[in-house]
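The values are calculated or read from the model by the stated rules, or taken from the named source; none is laboratory data. Worth saying up front: this structure is predicted, and the values here are computed from it rather than measured. A quick note on method: Cβ atoms are made from the backbone with ideal geometry, for glycine too, and the neighbour counts reach across all protein chains shown. Just so you know, the surface numbers come from the protein's heavy atoms only, side chains and all, with ligands and any DNA or RNA stripped out. Shrake-Rupley method; radii C 1.70, N 1.55, O 1.52, S 1.80 Å.
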Amino acid sequence: QVRLAESGGGSVQPGGSLRLSCVASGWMYSAYGCMAWFRQVPGKQREGVAFIDSDGSPIYGDSVKGRFTISRDNAKGTLDLQMNSLKPEDTAMYYCAYARICAGLSAIQAMTAGSFPNWGQGTQVTVSS
């Protein structure tokens, strides 16, 4: 079983920046898979933020394009999300997700929570003045 642990959340003012990190453990060698960041606020569905495959090719949700950057280091087993120009509507619990098999995932599936069987516990991001 792959375990995921997020960190880096916090409270910032609009226009500020945060860098989230996720550490993965328990995966087999060469089973790096696909990873993604999702976010969720109470009463709403979990929203896909950013996706990255095993080769480093990213996909971003429309609401964060141009502001967020996803990256990974397979050797270290880490996934990062650099968030710039933060807005109040970015406030949410952010989750790291992992799927062992990447082949066949469409852009829509990459932004769908049901595509990922492994999840971290979440880290809270709050953007307010």
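Brief remarks follow.
- Think of it as helices only: each DSSP H run of n ≥ 4 in the chain is worth -39500 (n - 2.57), and spread over all residues that comes to -500 deg cm²/dmol at 222 nm.
- For LYS44, the aspartates and glutamates whose Cα comes closer than 19 Å to its Cα, not counting residues fewer than 8 places off in the same chain, are ASP62, GLU89, ASP90.
- Ratio Rg/Rh [Cα only; Rh per Kirkwood] for region 18-81: 0.99
- Charge dipole magnitude, Cβ of K and R +1, D and E -1 - the chain, Cα centre, debye nearest 20: 120
- Ranking of ASP73, ASP90 by solvent-accessible surface, largest first: ASP73, ASP90 (1.4 Å probe, protein heavy atoms only, all chains present).
- Label-point gap, in nm, between ASP73 and ILE101 - each point 7 angstrom along Cα→Cβ: 3.1
- Cross-link partners of LYS65 among lysines (Cα-Cα below 16 Å; sequence separation of 8 or more within a chain): LYS87
- Heavy atoms of PHE51: accessible area, 1.4 Å probe, square angstrom to 10: 10
- Distance-filtered residues of region 71-102 - backbone nitrogen under 15 Å, label point 7 angstrom along SER128 Cα→Cβ: 87-93
- Unpaired by the 4.7 Å Cβ criterion, cysteines found in the chain: none
- Annotation: ILE108 carries an accessible surface of approximately 130 Å², with a 1.4 Å probe and no ligand, DNA or RNA atoms counted.
- For the chain, the equivalent ellipsoid derived from the Cα gyration tensor has semi-axes of 23, 15, 13 Å, listed largest first.
- Per residue accessible area of the chain, 1.4 Å probe, in Å²: 52
- Considering only LEU79, LEU20, LEU105, the mean-square fluctuation computed in a Gaussian network model of the chain, springs between alpha carbons under 10 angstrom, is largest for LEU105.
- Taking Cβ atoms as reference points and 14 Å as the exclusive limit, the residues near ASP62 contribute a net charge of +1, counting Lys and Arg as +1 and Asp and Glu as -1.
- From the C-alpha gyration tensor of region 56-121, square roots of 5λ in Å: 20, 15, 13
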